[in-house]
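Shown next, in structure tokens, is the structure this report addresses.
The values are calculated or read from the model by the stated rules, or taken from the named source; none is laboratory data. For clarity, every value in this text was computed on a predicted model and none was experimentally measured. Positions of Cβ are generated from backbone atoms using ideal geometry, with glycine treated the same way; all protein chains shown enter the neighbour counts.
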Amino acid sequence: MLIRRHGSFACIILIGVAVYSLMGFILLKDWITIRPEWGWLNWFHEAVQARSLAYKGTVLLLQFMVLVIVARTVWFALHLLLSHRRSMNRLLAGTPDLTQYNIPPSVKKVLSYPVTIIHSENLSAFAEGWFRPRIVVSTGLLSTFEPEELKAVMLHEQYHCRHRDPLRLYMVKVLGRSLRCVPMLQGLVDYYIIWDELCADRYVLRHMLSPEGLAGVLLKWSASGRSEQPVIGAAAAAHFAPTAMNYRILQLLEPGRKLDVPLLKLWKAAATAAGLLFLFMMSIDVCGL
Ligand SMILES: [Zn+2]
């Protein structure tokens, strides 16, 4: 389970680093010079150079695409971050005196991260903060759940805090949205998010005496219709629900069962590999002129 979670995260970051590095070579070709001695690149060089007009057009088109992708990345990164900040500031400023809402002592003693309460009738719980994460819960959640259920929610969010998931989710979502041209990336992002949720639930089950608390939460949450996220641009936070609810319920009902989460379609992996290879050859070729 952890291998799937860490493996998919590593793949997303590696693909992102590879694509942006190769795009950097193409964009800055006039300032970078590479003279590879690899004979196996010659056939590619001769094949593309033979069509000089098409070659120049392809390079110009690639440079234009790179500029668009870089602009999209900056836009998504800033948009998600600023929307998240604005939502958090609004929620915290609009939160009245909450002294009547208390975290039960049995829940408090298992927590090693600060908890912030926000005023909202929705059922909301999420981890936020990149380097000093905290757990945020809504008043609607505190007044709906029993202490054992609250404990399950808090432990789930504690897992996200421990693994710096707000930062990880921000990174993978920005990459997934910016690099839509990489066919397998969004599938990998979805796969990672599902396993992240399953690992957080598994952490809850390990730290609680019985699965009833988590079962109660999942059932009430699914039935409530009050799970709207209060934070816009929620990519900068790790929310509790409703992601991957079917797999999470299945894991709860049959803890020993091997979950079959579809990874991605073969053609998407093949198209991504072919695209990366083409980008690699073009970047070497344009820098070797
Ligand atoms: Zn979660």
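Before moving on, here are some points about what is shown:
- Top-ranked residue in the stretch 97-120 [being crowded, with 16+ Cβ neighbours inside 10 Å and in a loop (DSSP other than H, G, I, E, B); ranked as farthest from the ligand (Cβ to nearest atom)]: H119
- Residues satisfying the stated conditions in the stretch 248-262, i.e. surrounded by 10 or more Cβ atoms within 10 Å (Cβ to Cβ) and either touching a Pro at 6+ places or on another chain (Cβ under 7 Å) or in a loop (DSSP other than H, G, I, E, B) (or both): L252, E254, P255, L259, V261
- L167 being among the aliphatic types (A, V, I, L, M), surrounded by fewer than 18 Cβ atoms within 10 Å (Cβ to Cβ) and either in contact with a Gly (Cβ under 7 Å, 6 or more places away or on another chain) or part of a helix (DSSP H, G or I) (or both): yes
- Tallying residues that are part of a helix (DSSP H, G or I) and either within 30 Å of V189 (Cβ to Cβ) or at pLDDT 80 or above (or both) within the stretch 16-55 yields 12.
- Residues (in contact (Cβ under 8 Å) with a residue 40 or more places away in the chain, in contact with a Phe, Trp or Tyr (Cβ under 7 Å, 6 or more places away or on another chain) and within 19 Å of K109 (Cα to Cα)) located in the stretch 135-184: V136, L142, V153, L155, H156, E157, Q158, Y159, C161
- Just one residue in the set L198, L188 is more than 16 Å from the ligand (Cβ to nearest atom), modelled with pLDDT of 90 or more, under 26 Å from L250 (Cα atoms) and part of a helix (DSSP H, G or I); that residue is L188.
- Selection of the stretch 121-147 for residues being in a loop (DSSP other than H, G, I, E, B), crowded, with 21+ Cβ neighbours inside 10 Å and touching a strand residue (DSSP E or B) at 6+ places or on another chain (Cβ under 7 Å) yields L123, S124, P133.
- Which numbered condition L209 fails, given (1) outside any helix (DSSP H, G or I); (2) buried (at least 18 other Cβ atoms within 10 Å of the Cβ); (3) not basic (K, R): (2)
- Any hit, the stretch 153-165, residues being touching a helix residue (DSSP H, G or I) at 6+ places or on another chain (Cβ under 8 Å), at pLDDT below 90 and under 23 Å from L92 (Cα atoms): no
- Only a single item in (1) in contact (Cβ under 8 Å) with a residue 12 or more places away in the chain; (2) within 24 Å of L205 (Cβ to Cβ) is not met by K108, and it is number (1).
- Some residue of the stretch 6-15 being loosely packed, with under 11 Cβ neighbours inside 10 Å, out of contact with any helix residue (DSSP H, G or I) (no Cβ under 8 Å at 6 or more places or on another chain) and modelled with pLDDT of 90 or more: yes
- Condition broken by E212, with the remaining ones in (1) of a type in the set (D, E); (2) within 19 Å of L81 (Cα to Cα); (3) at pLDDT below 90 satisfied: (2)
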